[in-house]
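*Asks:* Mind having a look at this structure? Questions to follow.
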Protein chains: 2
Amino acid sequence: MKTGLLALLFLISAMCYSQKAPKKNYEYINPMIGTQRMGHTFPGATIPFGSVQLSPETDTIAYELNKKYNGEVYKYCAGYQYDDKTIVGFSHTHFSGTGHSDLGDFLIMPTTGTLQLNPGTAANPQSGYRSAFSHANEVAQANYYKVKLDDHNIVAELTTSQRVGFHKYTFPKSSDSHIILDLMAGIYNHKEKNVWTFVRVENDTLITGYRQTQGWARTRTVYFAMAFSKPIKNYGVQKYDADNIYKGFWRRFDETKNFPEAAGKNLKMYFDFDTKEGEAIMIKMALSPVSTAGALANMKQEIPHWDFEKTKRDGQQLWEKELDKVKVETINEADKVNFYTALYHAFINPTVYMDIDGSYKGLDQNIHKAEGFTNYTTFSLWDTYRALHPLFNIVQPKRNADMIQSMLAHHDQSVHKALPVWSHYANENWCMIGYHAVSVIADAVAKDNTGFNTDKALQACINSSNLEYYDGIKFYKELGYVPEDKNGSSVSKTLEYAYDDWCIAQMAKKLGKQEVYNDYIKRSANYNNVFDKTIGYMRPKLSDGTFKKQFDPLDTHGQGFIEGNAWNYSLYVPQDPEALIQLNGGKEKFAVHLDSLFTMTLPDKYFENTEDITRDGIIGNYVHGNEPSHHVVYLYNWVGQPYKTQQRVRMIMDAMYKPAPDGLGGNDDTGQMSAWYIFSSLGFYPVAPGSDVYALGSPKIKEATLTLENGKTFTVSAKNQSAKNVYVSKVELNGKLLNSTFIKHADITNGGNLVFYMGSKPKK
Amino acid sequence: MKTGLLALLFLISAMCYSQKAPKKNYEYINPMIGTQRMGHTFPGATIPFGSVQLSPETDTIAYELNKKYNGEVYKYCAGYQYDDKTIVGFSHTHFSGTGHSDLGDFLIMPTTGTLQLNPGTAANPQSGYRSAFSHANEVAQANYYKVKLDDHNIVAELTTSQRVGFHKYTFPKSSDSHIILDLMAGIYNHKEKNVWTFVRVENDTLITGYRQTQGWARTRTVYFAMAFSKPIKNYGVQKYDADNIYKGFWRRFDETKNFPEAAGKNLKMYFDFDTKEGEAIMIKMALSPVSTAGALANMKQEIPHWDFEKTKRDGQQLWEKELDKVKVETINEADKVNFYTALYHAFINPTVYMDIDGSYKGLDQNIHKAEGFTNYTTFSLWDTYRALHPLFNIVQPKRNADMIQSMLAHHDQSVHKALPVWSHYANENWCMIGYHAVSVIADAVAKDNTGFNTDKALQACINSSNLEYYDGIKFYKELGYVPEDKNGSSVSKTLEYAYDDWCIAQMAKKLGKQEVYNDYIKRSANYNNVFDKTIGYMRPKLSDGTFKKQFDPLDTHGQGFIEGNAWNYSLYVPQDPEALIQLNGGKEKFAVHLDSLFTMTLPDKYFENTEDITRDGIIGNYVHGNEPSHHVVYLYNWVGQPYKTQQRVRMIMDAMYKPAPDGLGGNDDTGQMSAWYIFSSLGFYPVAPGSDVYALGSPKIKEATLTLENGKTFTVSAKNQSAKNVYVSKVELNGKLLNSTFIKHADITNGGNLVFYMGSKPKK
């Protein structure tokens, strides 16, 4: 019996060893997706909505390259390109998937051997501090990045907390080990970008300082506190400023060596160490939008220890918790990687923008305190109003309400009294068009996610839509459209304003403001004013009321549209597809029109040199790699051909989202591309944010469980799901057959289940 | 009887009309004193220790002039030169009497006619916005300045509160009236000085913003809020920045006209108005070291009205109150003007540096709050430790204790953990030598003015005296002197460190820290190490212990001294005149030596190109126009020839202080020159701050009443006083004959009277 018991124990033990623990959600995340070519995502470490995005830069744009805005700048929006062979260093702030660039604050690089303070070139990495690396020695996980720096024989590991980047560098034995803090490096680093830098070596393990830059954000300052796990042996500062400044009595000091204070426009620092073989030097770099004291307090509260693994684990648990909100089963592992990575990318931006005590810098450059909400920045609203914020209204309603509070604070601090267009670290960078913050707010109101003052919010929306010096609004109000001779990209603007105005109307209606509703529902029909019935396209109109003569509906250049052509943009009336279909001659004609969008060929010349549109993101003349058409595939629902939505939405998912570095068909645009994928994978999509309706498509998942903040659960399942079974034969909501191809937001938030019955044949 | 009564009433009435009200103290102030050539004072408006010094600029140094630091820069330290014929505008910050320059923030100029945004040249004022003016149309009083701008037919009036500059511009009838806000203008305005400027037009009467500069202060930001009494008709911004910066979507705006937000390195703004004949447009410009919100709060609390006269009157009453602390009667009006103007100049710097709520920017560039004290900046300590702070210990003890608290806060915020050398708006500019904050603190301790933590203060003094990378201190500690081959101006440094060390010793003794006393009393004898007995001069010594071979005791260039020669500096052992006299061969020999100082001739070549020393400030080889010799004339007291002190101190007062624009023999140095005059006028002087002893001289006043903060009164009277009766025959303290030529601080603070009996013959 004794022997039998032992044998049993052995057996159980062996079973335990051989039985793998189930894979966690976050382990499906592949941060490398989108790092090649167009995705503009970064592979480094961050927590959900984290203030720090600690990630490698494979190139920094040298000043010389930046005499004008060029393609190199565009390529390095996130600092990392998968095809590159060298790493310049690791910096603390990155946008995820944007089409313009900034940030890259506080680049750190560990080196050994002769000190070099210039990064050197990719062609000749040994000419500077950069290092060759190989993907074989690289690990990218949620909140963890690791790489071997071949030229220095150093293993670099990165992780983060909310406001702190945690570096671990494992050195070889050397009496010539260095850590470089390049305070000149940055993403899109033009010559005049560095405005001021101020640094103090507080003691032999603590550096504090800040840097102010003029980039995409015009007046941006980031403060830091940087702690070393090991005392610095020696340190120094190199200054690259013009010589004709007042030096005065500073001349008495040798400011370059072991002098604890430095200030100027262009500084680089280095810190020397002796290292034993395999010795790790760790760095905690805390950021603050407010002060170095704030950065230090953030560090002390978030990471009071030197346990790298704990910080990594804590962050991964945060990811696990966020990802648990949408648990999916898929037909294969690749889909799961795609789905969870999409969710990961959707939960990076916007980012928390405040100290641990709620202090943050406002648009007026004064310090404000977020009372009763978490303050966020990085609102790329022209992108994200479409699907990302609607997604948040389902799976992140509390955060979305806080984001709206942040937008309202932005409005209050704005000298224009306007909601954000693109909120960017205490700046408005005005990127793209429209006043789509109103869509985000209206969508939250429509979905009863109103943890904010709705009357105040409505007034802020009204203010934003009447900012007369903004992008032709004066004319739009006078004429009912933006005249192309007064303000370019006039059709895109007219269409998007009309949609935004519809959002305001919906919100006003729900809030019982009938007069506001009347005004704005009228404005929302303004798309009619730029529709040329003679040719069946939206077309730029001049201030004299005539349409612009020269016109090519395929061209994205100078035709009255921005990042799009008339073909795509003429489908942009999300607030009223029925009316759009009528304008286009009815359902049948419109369906043919939609078909040809996907099947025609758009020659390169029509989109060459148009940023954000590349061949990678195009199917026919349908541009998925950029936003204006994201709702288009769902329009088949309005012409009685939902099977075409079903087929094409699956086709787009397959074509544009792959679990590989080059897997994204375009810039992820701070999560909008990913949010499209998440919705489409779940089988529904918010064609008109601001309404509470979702149009159905064809789910890609087998089963999804949405755990909502209200405690309820909503499941989606696809019976008979497979790669070929892209068509939906019937849909049941809570066991009852659904007679339309639409569901409502309350269907989700009330909890329940949505079952798609899949098949390989279209149900015409 | 009725007729008789009427006649009597008429008579009384007539008497009243003819009888002038007695002149107030502040009416004797002539802010023009020192505005010509060397004084570097400013004629504009300020209140005692006011944060705002609102004053005209007669020239701004164009960028082109500033390729190197030149005489023009030196000339315009305070922005105004009396000989100039044009005024450029009115700016809000000015040092009083410094020998280096900075500030000149936020230059405002009212104009009429065609808008011009460049200042133009003095030779051709019509080439820009500047205007001709004449002294005939100029009024300068305490807290009030008025001038007619001839080219624009505008009368400008200025007054201030603590943090607000109040402008009143009386315009002619014009539909083309402008107010220019030149945000590029500044004092010592080199090409790279403007680091960043940020402005918002909050509404049609309110502008907010800030400017950061790198000048004498390396990282200095001043925030403002600017209110107009009349709505702006139109406004605009001109930007003079490099073109290769990222403009992005800002391009959509015409930022130059009526666009409410601007940011960049180099900006100018203008505001247009229609004006009626004689219409006054008023401006309140509030400053803050913290934020635009702080500036606005300062404005709202300090000047909630538009009553220019009230603000002017309030400020003049503040002056009256401060001047009342030392009421004097003099033998003539000129002396009274000199005395009260000296008191005025003594009470301008240091300046209050905090918002009305106590918030201020610290050396670490973080925001701090002054708890329990008023925070000050502008400590020109190499100058002011000598007589200005000792004067404060008598007539401004509370403020002086607050200044020391400010210095201790500076120490705590300093990454060097050092007391200020030259505290400059949240910066250390390191100007001049020594660590003389310790003298100020020791003097306060010696005089029992200790509203601060004395143990902490002693530690701060010890820290400052051991900052090894500062100016040869490492060598000084090792060798007992600063070796000239390691660190220039070595003798001046050795001598001043030795004096400062004596101050620390005295403070330690009084605080019962015997060990500290022992260390520092030893250090205080280090002056011996640079005295060359073979020639009888202090002389630079090399690190090998030998004296520098080439040596000329008259020359101020490269001889081991700063702003002085060996002749003058060899007399700098204020802590132990007896020992100095012994070193120099005894009293008789030393007296002869002193005599020759005043009677010899110093050829120009010995001080040409030495800043701060000019013929204006020299008597023989005695340099009064700069500080190192300020105690020297009182040394006759130690050789038994006080009559020579008496005669020469009166001679110096007459020669170096005149009630005229060119009245000052040198830079007023933030009040040190004036403090010397005040002490000397009262008949005593603090030869060694840090002791509680004053050496007697020859008073210039007839009678002075010092009303002390402890409620007591100390009077000084000079019997038989006249211009010729410069000799003192006897002195009585509280009715008792004084047997020495010294009094103690307690003699003053206990209250009482000091009576000098004057005569025309020396009492040998």
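The values are calculated or read from the model by the stated rules, or taken from the named source; none is laboratory data. Small disclaimer: the values here were computed from a predicted structure and weren't measured. In this analysis, Cβ positions are derived from the backbone assuming ideal geometry, glycine residues included, and neighbour counts consider all displayed protein chains. For accessibility, only protein heavy atoms count, side chains too; no ligands or nucleic acids. Shrake-Rupley method; radii C 1.70, N 1.55, O 1.52, S 1.80 Å.
*Asks:* Would you mind telling me which numbered condition in (1) out of contact with any His (no Cβ under 7 Å at 6 or more places or on another chain); (2) outside any strand (DSSP E or B); (3) at pLDDT 95 or above B:MET109 fails?
*Replies:* (2)
*Asks:* Hey, another quick one. Could you identify the single residue in B:GLY586, B:GLY617, B:GLY560 that is at positive phi and touching a residue at least 12 places away in the same chain (Cβ under 8 Å)? First the steps, then the outcome.
*Replies:* Details: B:GLY586 fails: touching a residue at least 12 places away in the same chain (Cβ under 8 Å); B:GLY617 fails: at positive phi.
Just one listed residue meets the conditions, B:GLY560.
*Asks:* Name the one entry in A:LEU597, A:LEU571 that is open to solvent by less than 10 Å² (accessible area, probe 1.4 Å) and in a helix (DSSP H, G or I). Write out each step before concluding.
*Replies:* On the way: A:LEU571 fails: in a helix (DSSP H, G or I).
After applying the criteria, what remains is A:LEU597.
*Asks:* Another question, if that's okay. Hey, can you tell me all the residues within the stretch B:533-550 that are more than 14 Å from B:GLU484 (Cα to Cα) and either touching a strand residue (DSSP E or B) at 6+ places or on another chain (Cβ under 6 Å) or of a type in the set (S, T, N, Q) (or both)?
*Replies:* Step one: filter the stretch B:533-550 for residues more than 14 Å from B:GLU484 (Cα to Cα), giving B:533-537.
Of everything in the stretch B:533-550, just one residue is more than 14 Å from B:GLU484 (Cα to Cα) and either touching a strand residue (DSSP E or B) at 6+ places or on another chain (Cβ under 6 Å) or of a type in the set (S, T, N, Q) (or both), namely B:THR534.
*Asks:* When the residues of the stretch A:140-149 are narrowed to those that are open to solvent by less than 60 Å² (accessible area, probe 1.4 Å) and over 22 Å from the mean Cα position of the chain (by Cα), which ends up farthest from A:TYR344 (Cα to Cα)? Full working, then the answer.
*Replies:* The initial filter retains those residues of the stretch A:140-149 that are open to solvent by less than 60 Å² (accessible area, probe 1.4 Å), namely A:140, A:142-145, A:147, A:149.
Retained after the next criterion (residues that are over 22 Å from the mean Cα position of the chain (by Cα)): A:147, A:149.
On the way: A:VAL147: 21, A:LEU149: 27 Å.
Only one residue fits best here, namely A:LEU149.
*Asks:* Answer yes if at least one residue in the stretch B:59-72 is part of a loop (DSSP other than H, G, I, E, B), under 27 Å from B:VAL164 (Cβ atoms) and modelled with pLDDT of 95 or more, and no otherwise.
*Replies:* No, the stretch B:59-72 has no match at all.
*Asks:* Also, I was wondering about something else. Exactly one of these conditions fails for A:TRP250: (1) open to solvent by 20 Å² or more (accessible area, probe 1.4 Å); (2) at the interface with chain B (Cβ under 7 Å from one of its Cβ atoms). Give me its number.
*Replies:* Checking A:TRP250 against (1) open to solvent by 20 Å² or more (accessible area, probe 1.4 Å); (2) at the interface with chain B (Cβ under 7 Å from one of its Cβ atoms), the one that fails is (1).
*Asks:* Of the residues B:GLN162, B:GLN141, which is in contact with a helix residue (DSSP H, G or I) (Cβ under 9 Å, 6 or more places away or on another chain) and either closer than 24 Å to B:THR292 by Cα or among the charged types (D, E, K, R) (or both)? Reasoning before the result, please.
*Replies:* Working: B:GLN141 fails: either closer than 24 Å to B:THR292 by Cα or among the charged types (D, E, K, R) (or both).
Result of the check over B:GLN162, B:GLN141: B:GLN162.
*Asks:* What about B:HIS152, is it away from every other protein chain (no Cβ under 14 Å), touching an Asp or Glu at 6+ places or on another chain (Cβ under 8 Å) and crowded, with 23+ Cβ neighbours inside 10 Å? Show your work before the answer.
*Replies:* Numbers: away from every other protein chain (no Cβ under 14 Å): yes; touching an Asp or Glu at 6+ places or on another chain (Cβ under 8 Å): no; crowded, with 23+ Cβ neighbours inside 10 Å: yes.
In short, no.
*Asks:* Additional query: Looking at the stretch B:621-646, which of its residues are open to solvent by 20 Å² or more (accessible area, probe 1.4 Å) and either in contact with a Lys or Arg (Cβ under 7 Å, 6 or more places away or on another chain) or on the phi > 0 side of the Ramachandran plot (or both)? Working first, answer last.
*Replies:* Applying the first criterion (open to solvent by 20 Å² or more (accessible area, probe 1.4 Å)) to the stretch B:621-646 yields B:638, B:640-644.
Hits for the stretch B:621-646 are B:GLY640, B:TYR643.
*Asks:* Being within 15 Å of A:MET38 (Cβ to Cβ) and part of a helix (DSSP H, G or I) is the filter here, so list the residues in the stretch A:635-670 that pass it.
*Replies:* A:ALA655, A:MET656, A:ASP669, A:THR670
*Asks:* Any idea which of (1) surrounded by 15 or more Cβ atoms within 10 Å (Cβ to Cβ); (2) within 14 Å of chain A (Cβ to nearest Cβ); (3) under 25 Å from A:ASN194 (Cα atoms); (4) not small (Gly, Ala, Ser) is the one B:GLN238 doesn't satisfy?
*Replies:* (2)
*Asks:* Working only within the stretch B:346-362, note down all residues that are surrounded by fewer than 24 Cβ atoms within 10 Å (Cβ to Cβ) and within 14 Å of chain A (Cβ to nearest Cβ).
*Replies:* Listed by number, the residues that qualify are B:ASP357, B:SER359, B:GLY362.
*Asks:* Could you tell me which residue of the stretch A:205-217 is nearest to A:LEU287 (Cα to Cα), considering only residues that are surrounded by fewer than 21 Cβ atoms within 10 Å (Cβ to Cβ) and more than 9 Å from chain B (Cβ to nearest Cβ)? Can you show your working first?
*Replies:* Within the stretch A:205-217, the first condition is being surrounded by fewer than 21 Cβ atoms within 10 Å (Cβ to Cβ), and the residues that meet it are A:205-206, A:212.
Next, only the ones that are more than 9 Å from chain B (Cβ to nearest Cβ) stay: A:205-206.
On the way: A:THR205: 17, A:LEU206: 14 Å.
Selected residue: A:LEU206.
*Asks:* Given the conditions (1) over 34 Å from the mean Cα position of the chain (by Cα); (2) within 21 Å of B:ALA426 (Cα to Cα); (3) in contact (Cβ under 8 Å) with a residue 24 or more places away in the chain, which single one is not true for A:TYR246?
*Replies:* The number of the failed condition is (3).
*Asks:* May I ask you to say which residue of B:ARG200, B:ARG220 is in contact (Cβ under 8 Å) with a residue 24 or more places away in the chain, within 27 Å of the chain's Cα centre (by Cα) and within 14 Å of chain A (Cβ to nearest Cβ)?
*Replies:* Working: B:ARG200 fails: within 27 Å of the chain's Cα centre (by Cα).
Result of the check over B:ARG200, B:ARG220: B:ARG220.
*Asks:* Can you name every residue in the stretch A:420-440 that is β-branched (Val, Ile, Thr) and either within 13 Å of chain B (Cβ to nearest Cβ) or under 25 Å from A:GLN365 (Cβ atoms) (or both)? Walk me through it before giving the result.
*Replies:* Step one: list which residues in the stretch A:420-440 are β-branched (Val, Ile, Thr), which gives A:421, A:433, A:438, A:440.
Across the stretch A:420-440, the qualifying residues are A:VAL421, A:ILE433, A:VAL440.
*Asks:* Identify the residue in the stretch A:551-564 that is farther than 18 Å from A:TYR481 by Cα and touching an Asp or Glu at 6+ places or on another chain (Cβ under 9 Å) and, among all such residues, is surrounded by the fewest Cβ atoms within 10 Å (Cβ to Cβ). Before you say what the answer is, go through the steps one by one.
*Replies:* Step one: filter the stretch A:551-564 for residues farther than 18 Å from A:TYR481 by Cα, giving A:552-557, A:563-564.
Of the ones still in play, those that are also touching an Asp or Glu at 6+ places or on another chain (Cβ under 9 Å) are A:556-557, A:563-564.
Values: A:THR556: 27, A:HIS557: 13, A:GLU563: 22, A:GLY564: 26.
The qualifying residue surrounded by the fewest Cβ atoms within 10 Å (Cβ to Cβ) is A:HIS557.
For (1) assigned to a loop (DSSP other than H, G, I, E, B); (2) open to solvent by 10 Å² or more (accessible area, probe 1.4 Å); (3) out of contact with any Cys (no Cβ under 8 Å at 6 or more places or on another chain), each residue gets a yes or a no:
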site: A:GLN672; (1), (2), (3): no, no, yes
site: A:ALA675; (1), (2), (3): no, no, yes
site: A:PHE679; (1), (2), (3): no, no, yes
site: A:TYR694; (1), (2), (3): no, no, yes
site: A:SER698; (1), (2), (3): yes, no, yes
site: A:THR705; (1), (2), (3): no, yes, yes
site: A:GLY711; (1), (2), (3): yes, yes, yes
site: A:THR715; (1), (2), (3): no, yes, yes
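*Asks:* Pull up the stretch B:581-594, narrow it to residues that are assigned to a helix (DSSP H, G or I), of a type outside the set (Gly, Ala, Ser) and crowded, with 17+ Cβ neighbours inside 10 Å, then point me to the one that is modelled with the lowest pLDDT. Reasoning before the result, please.
*Replies:* Taking the stretch B:581-594 and keeping what is assigned to a helix (DSSP H, G or I), we get B:581-583, B:587-594.
Narrowing further to those that are of a type outside the set (Gly, Ala, Ser): B:581-583, B:587-590, B:592-594.
When the remaining residues are screened for being crowded, with 17+ Cβ neighbours inside 10 Å, the result is B:581, B:583, B:590, B:593-594.
Values: B:ILE581: 98, B:LEU583: 97, B:PHE590: 97, B:HIS593: 93, B:LEU594: 96.
The residue in question is B:HIS593.
*Asks:* Restricting the search to the stretch A:447-483, which residues are more than 14 Å from every other protein chain (Cβ to nearest Cβ), open to solvent by less than 40 Å² (accessible area, probe 1.4 Å), at negative phi and part of a loop (DSSP other than H, G, I, E, B)?
*Replies:* A:LYS447, A:ASN449, A:PHE452, A:SER465, A:TYR481, A:PRO483, listed by residue number.
Every residue, every condition in (1) among the small types (Gly, Ala, Ser); (2) within 30 Å of A:LYS173 (Cβ to Cβ); (3) buried (at least 17 other Cβ atoms within 10 Å of the Cβ); (4) within 14 Å of another protein chain (Cβ to nearest Cβ), yes or no:
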{"site": "A:ALA242", "(1), (2), (3), (4)": "yes, no, no, yes"}
{"site": "A:TYR270", "(1), (2), (3), (4)": "no, yes, yes, no"}
{"site": "A:PHE273", "(1), (2), (3), (4)": "no, yes, yes, no"}
{"site": "A:LYS276", "(1), (2), (3), (4)": "no, yes, no, no"}
{"site": "A:LYS284", "(1), (2), (3), (4)": "no, yes, yes, no"}
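*Asks:* Considering only residues that are open to solvent by less than 10 Å² (accessible area, probe 1.4 Å) and of a type in the set (A, V, I, L, M, F, W, C), look in the stretch A:315-345 and name the one that is farthest from the chain's Cα centre (by Cα).
*Replies:* Looking at residues that are open to solvent by less than 10 Å² (accessible area, probe 1.4 Å) and of a type in the set (A, V, I, L, M, F, W, C), I get A:VAL328.
*Asks:* So, in the stretch A:253-265, of the ones that are open to solvent by 20 Å² or more (accessible area, probe 1.4 Å) and more than 7 Å from every other protein chain (Cβ to nearest Cβ), which residue ends up nearest to A:ALA295 (Cα to Cα)?
*Replies:* Looking at the filtered set, the residue picked out is A:ASN258.
*Asks:* If you don't mind, there's one more thing I want to ask. Inside the stretch B:167-200, can you point out the residues that are closer than 30 Å to B:LYS148 by Cβ, at pLDDT 95 or above and open to solvent by less than 10 Å² (accessible area, probe 1.4 Å)?
*Replies:* Hits for the stretch B:167-200 are B:HIS167, B:TYR169, B:PHE171, B:SER177, B:HIS178, B:ILE179, B:ILE180, B:LEU181, B:ASP182, B:LEU183, B:VAL199.
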